[in-house]
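Only one structure is covered here, and it is reproduced in the block below.
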Amino acid sequence: MRFLNSIIIIINIITISFGCTNTRENEQSASELSDTATDQLDTLIYSAPLNYLLTLDKVDANNVEIRTYKDILELFEKLNYTPEAWQSGIREVPRVYLPIIGDRWGSTTSREITVENKKRIFFRGLAPMILRANELIMMDRNRLGGIMSSHNQNVAIAEEDELWVLELAKLYKVKTELDQVTAPVLRSLWEKVDIVPASLALAQGAEESGWGTSRFAAAGNAVYGQWTWGKNAIVPEKQRKELGNYGIAAFGTLQESVCAYMLNLNTHNAYASLRNKRAELRKKNQKITGAL
């Protein structure tokens, strides 16, 4: 996957969000994605600036107010972000960021539109944030790669870079001894600081949030249902007390939710095998896909 610069559009969602479906519908969507679209979804890129600007004409580049699902479909049409564009082979995704999931999506809108439109809005709404999260990860990975190259050549690491690596190690839960940047620390980070395939992130988001219609999605932009402990957690209606005072992590924006999900995949022991397979693909110079 590669990324190209383009204009940024922030969409303030007032009445639209990602809505309510049943479990059977969710299972079908994840299956469809895995079987037919994984490779295609993992080739998504950001739109190039020139192509993008040509389609924008009357769209405010800083803020677009969305009041109904028709507004967002109309915006996607202006940006050539449509099923027809997909069918023609276009894999460019505009930088359209939906800040929050409104409560009307799950309670009203998602029940009034077709399943097809529900899927279109969910996937097209989430994809730009997945690409952005991966873009941020790759910025860190590229910087880390340069530091590793210097370290391997016995070139002294700048103090600023050393402090940055130590902060990165804390974030990615890599143990350091005496706050030293060592070869094992760098190798561990190299396996963890990497992208999550778009197809995997899209499918899991649909599965975990019911196309964004879950109570947790509406209350806290929780697309991936990550567990947490503390007063800010959204408590499940049927909390299992034997597991402690857990809840679902809430986020201020959808982008935060996506970034937290990727950090979880890149750090939690439960996903070590996924990271190992990804590292193997990297060593073989093969594309990282949702088939991990």
Checklist line | Scope the stretch 166-178; condition at positive phi and either surrounded by fewer than 11 Cβ atoms within 10 Å (Cβ to Cβ) or among the β-branched types (Val, Ile, Thr) (or both); matching residues | finding: 178
Notebook entry, point to check: Counting only residues that are modelled with pLDDT under 85 and touching a Gly at 6+ places or on another chain (Cβ under 7 Å), how many does the stretch 112-131 have?
Noted result: 0
Notebook entry, point to check: What is the residue count in the stretch 74-91 for residues that are closer than 30 Å to residue 250 by Cα and either in contact (Cβ under 8 Å) with a residue 60 or more places away in the chain or under 21 Å from the mean Cα position of the chain (by Cα) (or both)?
Noted result: 3
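Could you tell me whether any residue of the stretch 138-154 is aliphatic (A, V, I, L, M), assigned to a helix (DSSP H, G or I) and more than 22 Å from the chain's Cα centre (by Cα)? Walk me through it before giving the result.
Residues of the stretch 138-154 aliphatic (A, V, I, L, M): 138-139, 144, 147-148.
Then drop every residue that is not assigned to a helix (DSSP H, G or I), which leaves 138-139, 144, 147-148.
Retained after the next criterion (residues that are more than 22 Å from the chain's Cα centre (by Cα)): 147-148.
Yes, there is a match, as at least one residue in the stretch 138-154 is aliphatic (A, V, I, L, M), assigned to a helix (DSSP H, G or I) and more than 22 Å from the chain's Cα centre (by Cα).
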Check: Of the residues that sit in the stretch 179-221 and are of a type in the set (Ser, Thr, Tyr) and buried (at least 17 other Cβ atoms within 10 Å of the Cβ), which one is nearest to residue 290 (Cα to Cα)?
Finding: 199
Next item on the list: Look at residue 129 and say whether it is of a type outside the set (Phe, Trp, Tyr), within 23 Å of residue 200 (Cβ to Cβ) and touching a Leu at 6+ places or on another chain (Cβ under 9 Å).
Entry: yes
Check: For the stretch 258-277, which residues satisfy the criterion of being touching a helix residue (DSSP H, G or I) at 6+ places or on another chain (Cβ under 8 Å) and under 24 Å from residue 132 (Cβ atoms)?
Finding: 258, 259, 261, 262, 263, 264, 265, 266, 267, 271, 274, 275
Notebook entry, point to check: Under 9 Å by Cβ, and 6 or more places apart or on different chains, what pairs join a residue from the stretch 95-113 that is surrounded by 18 or more Cβ atoms within 10 Å (Cβ to Cβ) with one that is in a strand (DSSP E or B) and aromatic (Phe, Trp, Tyr)?
Noted result: 95/46
Next item on the list: Report whether or not residue 170 is of a type outside the set (S, T, N, Q) and part of a loop (DSSP other than H, G, I, E, B).
Entry: no
Notebook entry, point to check: Is it the case that some residue within the stretch 227-247 is surrounded by 20 or more Cβ atoms within 10 Å (Cβ to Cβ), touching a helix residue (DSSP H, G or I) at 6+ places or on another chain (Cβ under 8 Å), at pLDDT below 85 and within 28 Å of residue 202 (Cβ to Cβ)?
Noted result: no
Checklist line | Verdict on residue 194 being acidic (Asp, Glu) and not in a helix (DSSP H, G or I) | finding: yes
Check: Which residue, of 217, 222, is modelled with pLDDT under 95 and in a loop (DSSP other than H, G, I, E, B)?
Finding: 222
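If I ask for residues that are over 13 Å from the mean Cα position of the chain (by Cα), under 19 Å from residue 127 (Cβ atoms) and surrounded by 16 or more Cβ atoms within 10 Å (Cβ to Cβ), which ones from the stretch 250-289 would you list?
Hits for the stretch 250-289 are 251, 288, 289.
The values are calculated or read from the model by the stated rules, or taken from the named source; none is laboratory data. Because the structure is a prediction, the values reported are computed rather than measured. Cβ: placed from backbone, ideal geometry, glycine included. Neighbour counts: every protein chain shown.
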